1. Identify all aspartates and glutamates with a Cα-Cα distance to Lys551 below 18 Å; exclude those on the same chain that are fewer than 8 residues away in sequence.
2. Could you sort out which of Lys73/Lys374; Lys531/Lys611; Lys35/Lys126 sit more than 24 Å apart by Cα distance in this structure?
3. Between Val523 and Asn76, what is the label-point separation in nm under the 7 Å Cα-to-beta-carbon projection?
4. Which aspartates and glutamates does Lys273 reach when only Cα atoms under 14 Å apart count, and residues fewer than 8 places away in its own chain are ignored?
5. If R0 is 25 Å, what FRET efficiency do you get for Ile40 and Leu20 from their C-beta distance, rounded to 0.05?
6. Which order do Asp227, Asp482 fall in if you start with the one that has the fewest other Cβ atoms within 10 Å?
7. Set Lys and Arg Cβ to +1 and Asp and Glu Cβ to -1, take the dipole of the chain about its Cα centre, and tell me which of Gly72, Gln397, Leu20 lies farthest positive.
8. Using a/c under 1.5 as the rounded threshold, could you call the range 407-621 rounded, prolate or oblate? The axes a ≥ b ≥ c are square roots of the C-alpha gyration tensor eigenvalues, and prolate needs a/b larger than b/c, oblate otherwise.
Amino acid sequence: MNNPILYLKTIIKLGISNVLYVAWYRFSLKSEIRKRWFPIRDISFEGDFFYPCPARNNYPVEWKKTLVEEAGKLLNGKLRYYAFHWKQAGNPPDWFLNPFNGSHYKNTNLHWTQFPDFDPQFGDIKHLWEASRFEWVIILARAYSATGEQRYLKTLNSWLRDWAARNPMNTGPNWKCGQEAGIRIFNLINGSLILQQADKPSAPLCDLIYAHLSRIAPNIHYAMAQDNNHGTSEAAALFIGGSWLSAIDPVKYSRAIAYANKGRYWLENRVAKLIGEDGSFSQHSVTYHRLMLDTLAYAEYWRHRLHLAPFSLRFYESAKSAIEWLWMQTDELSGNAPNLGSNDGALVLNMHSCDYRDFRSSIQFAQVLFNQTKKYNDGYWDEPLFWFEISISDLKQDIKIRQNLVLKGGYTILKSTGSWAMVRWPFFRFRPSHNDVLHFDLWHNGINIICDAGTYSYTPPSDENNVDLQSVRFHNTVSFDDHEQMPAISRFLMGRWLKAESISEVFIDAAKETTWSGSYVDVYKNRHFRKVSYSENVWIVDDTLEGTFGKAVIGFNINQSHVSLEGNRLETSFGFIVGPEDSVAVIKESVASDYYFEKHPVFRLTYTVQKPGKYTTKIMLNPS
C-alpha cells in the first residue's frame with residue numbers, strides 16, 4: 001500500500017471530513033490541547049450508590065439457579081470477560097489487571113489522553129476495559145432483587161465505591177474510550193431499574209453518571225468520525241443519561257438536557273446514515289449489529305418511560321428493518337448466528353443468563369418495543385422484559401417463515417429443509433473488516449457445520465500473530481496466490497475495497513433446484529464467480545476462477561471433532577463433502593473463535609487448483 005493514489009482512494013471512501021477530524025484529534029492528543037478540555041476531578045461520593053429494596057417474589061424459579069451461580073462467582077472474586085471467560089480478579093476487582101497474562105497497567109494516575117491505544121507489555125487494552133464495563137452491576141442487582149440477600153447489595157456498593165476511588169474522573173485508561181463510558185451508563189441506569197429506584201436514585205449514582213456524560217459529550221465528534229457502533233452507543237448514552245438526570249434534578253444537573261438533546265440529534269443522524277434500507281448496519285458483523293440494535297432499544301424504552309417525544313419515522317423504520325436483518329441471520333433452532341465479521345465480545349443487553357451466542361433475547365426485546373409483537377414463544381430469553389416490567393402475555397407472535405433473500409447490504413440467505421446458508425458478497429459503503437468476500441456459511445439442524453472463524457483478538461499476543469482470523473485463509477471462500485482479497489493499510493483499515501461484478505436474484509427451476517450466484521474481480525484481475533445451489537439435502541458450490549493466477553485455494557472451515565479424508569472426499573458426522581476432481585485436497589487442524597479471546601479447534605479443508613476453470617464442491621447432508 002505504498003501507492004499514494006490508493007491511500008487517496010481509501011480516504012475518499014472513508015470520508016474526507018472523517019479523516020481530517022481523526023487527524024485533528026490525534027494532533028490534539030499529542031499537543032495536549034484535548035487534555036485541557038477534560039479536567040481531572042475527584043468526586044466525593046457520600047453514601048451508597050444503591051439502597052435496599054424489596055425482593056421480587058415473582059422472579060421465575062427456573063432462572064434463579066444460573067443467576068445465583070454467576071453472582072456467587074463474583075463474590076468469590078471472579079469476573080466474566082467477554083460474556084465467556086471467568087477469571088480471578090479479586091474482591092473488589094483489580095481494575096488495572098490483564099487476567100489473561102497477569103500483567104498490570106502502569107501509571108494509572110495519568111490523564112486518559114496520555115495513554116496509547118496499544119501497550120505491548122500489557123496486551124490488549126480491552127482486557128482492562130472489560131471489568132469496568134460494569135456487567136457485574138447487572139448480575140449483582142438481579143441476584144439481590146431475585147433473592148433479597150444483602151450480601152449482593154453490599155458487594156455491589158463496595159465495588160462501585162472502590163472503582164470511583166481508583167478511577168478519578170478523566171484519570172487512567174478506563175476513561176480513555178467514550179463508548180466504554182457509555183456502556184457503564186447503560187448498566188448503572190438499568191441497575192437502578194432492576195433495584196426499583198430509577199425514579200428516586202441516590203445522589204452518588206446520579207453524580208457518577210453525570211461525570212460520565214461530561215466525558216462523552218465533548219468528544220462525541222470522534223465517535224461520529226468512525227461511522228460505527230461508537231457513534232450509536234455514545235449518542236444513546238447521552239440521550240438516555242441526560243434525559244434521565246434532567247427528570248431527576250434539572251437544576252443540579254444543569255447540562256443534562258443539553259446532553260440529552262445532543263444525544264438525540266446524533267442518534268437520529270447515525271441511524272439515518274449507518275443503517276441501510278434492508279436493515280444492514282455499517283459494520284458487517286452480527287455481534288456489532290446486535291450492539292447497535294440493543295442501544296436503539298434502550299433509547300426507545302427510556303424515551304417512552306420518561307414520556308419524551310418520539311423519534312423520527314426514519315428511526316423507527318430503520319430499527320424495524322434492523323430487527324428483521326438480525327432475525328434472518330439467526331438460526332431457528334439454536335438462536336445462534338453466523339460468526340460474521342468482527343466480534344469484540346460486547347453484550348449490552350445483559351439482563352439474562354443466555355449464552356453470548358444466543359441472539360433471541362435482543363431480537364425479542366427489540367421486537368416487543370418497536371413492533372408490539374414477539375418473535376419467539378416464551379422462554380428464558382424473555383428475562384430482560386421481566387426487568388423492564390413489560391408484559392408480553394397478550395402480545396401476538398410475528399409468525400413469518402424464513403425465505404430465500406438477497407439483502408442489499410451484501411448478504412444472501414438460502415433456506416432449505418433442515419439446513420440453510422448465508423453468503424457474504426462485496427458491498428462496502430463503509431470500511432470492511434474481514435477478507436470474507438463470497439464466504440459461504442452452512443447450518444444443519446441448528447449446528448454451524450461449515451463456519452466462519454470469528455475474530456479472536458484485535459491485538460493478539462506476539463506469539464499468536466499467525467492467528468489472524470480476518471484473513472481470507474480463515475474464511476470459506478477462494479484465495480488467489482496467497483494474496484489477501486483486500487490488503488491491510490493499518491490494524492483496522494483495508495484498501496482496495498472490492499465491488500461486486502454481478503449479483504443474481506434467487507432462482508428456482510422446474511426441478512426445484514434453488515440457485516444464487518455472484519462474482520467479483522480483484523486488483524490482480526483475477527475473477528471469482530461463485531454459484532450456490534441446493535436441492536433437498538444436497539448443497540453445491542460452483543467456483544469459476546479466471547485470471548493469471550498461479551494457484552487458487554478453495555477453503556472451508558469444518559466444525560466437527562472428527563473427519564476423514566480420502567482423495568477429494570471428506571467424511572463427517574453430518575454427511576460428506578466431495579471436492580473438485582482436478583484439485584489437491586488437504587485437511588488440517590485450524591482454529592475458530594466464537595467469543596473474544598477464545599479459540600477452539602476446527603478443521604480446515606482446502607482444495608488447491610493450478611489453472612482457471614470451473615470447480616465444484618458437493619456437500620451431501622444426512623437426512624434431518
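1. Asp481, Asp482, Glu484, Asp522, Asp542, Asp543, Glu581, Asp582
2. Details: Lys73/Lys374 33 Å; Lys531/Lys611 19 Å; Lys35/Lys126 22 Å.
Distance filter (> 24 Å) returns Lys73/Lys374.
3. 5.2
4. Output for Lys273: Asp227, Glu317.
5. On the way: r = 29 Å, r/R0 = 1.16.
Here the calculated transfer efficiency is 0.30.
6. Numbers: Asp227 19, Asp482 12.
Listed from fewest to most nearby Cβ atoms, that is Asp482, Asp227.
7. Highest projection toward the positive end goes to Leu20.
8. Numbers: a/c = 1.36, a/b = 1.14, b/c = 1.19.
It comes out rounded by the Cα gyration axes.
All of the numbers you see were taken from the coordinates with simple rules; none came from a lab. Because the structure is a prediction, the values reported are computed rather than measured. Don't worry about glycine lacking a Cβ; one is built from the backbone with ideal geometry, like all the others, and counts go over all protein chains shown.
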